[in-house]
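K.L.:
Submitted below is the structure of interest, expressed as structure tokens.
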Amino acid sequence: RNIGLSYATGKWVMFVDADDWLDINTFDVLNSDLVSAEIIYFGYKSVYPTYIKQNFPDSVPVTTSLEKIDIELEKLISSKEQYFGFSVNKFFLRYIIESHQIRFPEDLIVREDEVFTLRYIMHIKSLAVSTIAPYNYRMLDSSLSHVSNKYRCHKKLATIVESELESFSHKKSRIAFIDKCMSYYLSAISESIQFNVRDLSEVVNNTLNFYDK
């Protein structure tokens, strides 16, 4: 993805994972009224071997009120469909990515796209959500995102998110992200126990310190 960004030349950027595919109407969003937003969310289909689950977010017109953006981000962050963090269900403006040199953290193999999105939305002044679900997300047990990861991944993820939250100005969605960060610390503890990691006490202490904050 980072290599792709270094070659990108268009106004908009979207990402497609290697084992997924797009419907033919995917780019219709860019011919709609939503195109004036600085980030455009849309839905996706979870494609299982025997059935397809369609995930449609609530429609949100182009919103420039920071208070309203905060409310909508909170909904996206808290959604069980995890609309907020995926890199594949949204259009990003390339000038924002390049102006702030936003890239995917290459030392993460879990939720690196969530960190990218978190860093991006710190710089937006408008947001929109389309109800279409043109992205086909293939659900395979062998996918990288479905493989059990060592605890250091969640520990690193929690540490990065905690650091990013220090400059996160949206109040409501910040609280939602604090909950997510706490869950990453708890996942790190769980995995530390599972893999019998020696520095379990360090992970626990990091978690308690974050909880105290």
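The values are calculated or read from the model by the stated rules, or taken from the named source; none is laboratory data. The structure presented is a predicted model; accordingly, all values stated were derived computationally and were not measured. When we count neighbours, we look across all protein chains shown, and the Cβ atoms used for this are built from the backbone with ideal geometry, even at glycine. Surface areas here come from the heavy atoms of the whole protein model, side chains and all, with no ligands, DNA or RNA. Shrake-Rupley method; radii C 1.70, N 1.55, O 1.52, S 1.80 Å.
K.L.:
Return only the number of the condition from (1) assigned to a loop (DSSP other than H, G, I, E, B); (2) modelled with pLDDT under 95 that His123 does not satisfy.
P.N.:
Among (1) assigned to a loop (DSSP other than H, G, I, E, B); (2) modelled with pLDDT under 95, the lone unmet condition for His123 is (2).
K.L.:
Counting only residues that are among the basic types (Lys, Arg) and over 18 Å from Arg152 (Cβ atoms), how many does the stretch 181-210 have?
P.N.:
Count: 0.
K.L.:
Of all residues in the stretch 65-95, how many are assigned to a helix (DSSP H, G or I) and hydrophobic (A, V, I, L, M, F, W, C)?
P.N.:
Adding up the residues that qualify gives 6.
K.L.:
Against the definition (on the phi < 0 side of the Ramachandran plot, modelled with pLDDT under 95 and either surrounded by 18 or more Cβ atoms within 10 Å (Cβ to Cβ) or part of a strand (DSSP E or B) (or both)), how does Val62 come out, yes or no?
P.N.:
On the way: on the phi < 0 side of the Ramachandran plot: yes; modelled with pLDDT under 95: no; either surrounded by 18 or more Cβ atoms within 10 Å (Cβ to Cβ) or part of a strand (DSSP E or B) (or both): yes.
In short, no.
K.L.:
Moving to a separate point now. Restricting attention to the stretch 196-206, which residues are in contact with a helix residue (DSSP H, G or I) (Cβ under 6 Å, 6 or more places away or on another chain) and either among the acidic types (Asp, Glu) or in contact (Cβ under 8 Å) with a residue 40 or more places away in the chain (or both)?
P.N.:
Val197, Val203
K.L.:
Of the numbered conditions (1) of a type outside the set (Ser, Thr, Tyr); (2) part of a helix (DSSP H, G or I); (3) open to solvent by 50 Å² or more (accessible area, probe 1.4 Å), Gln101 fails exactly one; give the number of that condition.
P.N.:
The single condition Gln101 does not satisfy is (2).
K.L.:
Being assigned to a helix (DSSP H, G or I) and β-branched (Val, Ile, Thr) is the filter; apply it to the stretch 190-213 and report the residue that is farthest from the chain's Cα centre (by Cα).
P.N.:
Ile193
K.L.:
Then there's this: If Asp113 satisfies all but one of (1) surrounded by 14 or more Cβ atoms within 10 Å (Cβ to Cβ); (2) within 13 Å of the chain's Cα centre (by Cα); (3) in a loop (DSSP other than H, G, I, E, B), what's the number of the condition it fails?
P.N.:
Failed condition: (3).
K.L.:
Just name the residue that is surrounded by the fewest Cβ atoms within 10 Å (Cβ to Cβ) out of those in the stretch 11-45 that are among the small types (Gly, Ala, Ser) and either modelled with pLDDT of 95 or more or outside any loop (DSSP other than H, G, I, E, B) (or both).
P.N.:
Looking only at the stretch 11-45, we keep the residues that are among the small types (Gly, Ala, Ser), and these are 18, 32, 36-37, 43.
Add one more test, that the residue is either modelled with pLDDT of 95 or more or outside any loop (DSSP other than H, G, I, E, B) (or both), and what stays is 36-37, 43.
Working: Ser36: 11, Ala37: 24, Gly43: 19.
Top of the filtered list is Ser36.
K.L.:
Another question about this same structure. For the condition open to solvent by less than 10 Å² (accessible area, probe 1.4 Å), on the phi < 0 side of the Ramachandran plot, modelled with pLDDT of 95 or more and aliphatic (A, V, I, L, M), what is the one hit in Leu165, Leu118?
P.N.:
Working: Leu165 fails: modelled with pLDDT of 95 or more.
Testing whether each residue is open to solvent by less than 10 Å² (accessible area, probe 1.4 Å), on the phi < 0 side of the Ramachandran plot, modelled with pLDDT of 95 or more and aliphatic (A, V, I, L, M) leaves just Leu118.
K.L.:
Among the residues in the stretch 180-189, are any within 20 Å of Gln82 (Cβ to Cβ), at pLDDT below 90 and in a helix (DSSP H, G or I)?
P.N.:
Taking every residue of the stretch 180-189 in turn, at least one turns out to be within 20 Å of Gln82 (Cβ to Cβ), at pLDDT below 90 and in a helix (DSSP H, G or I).
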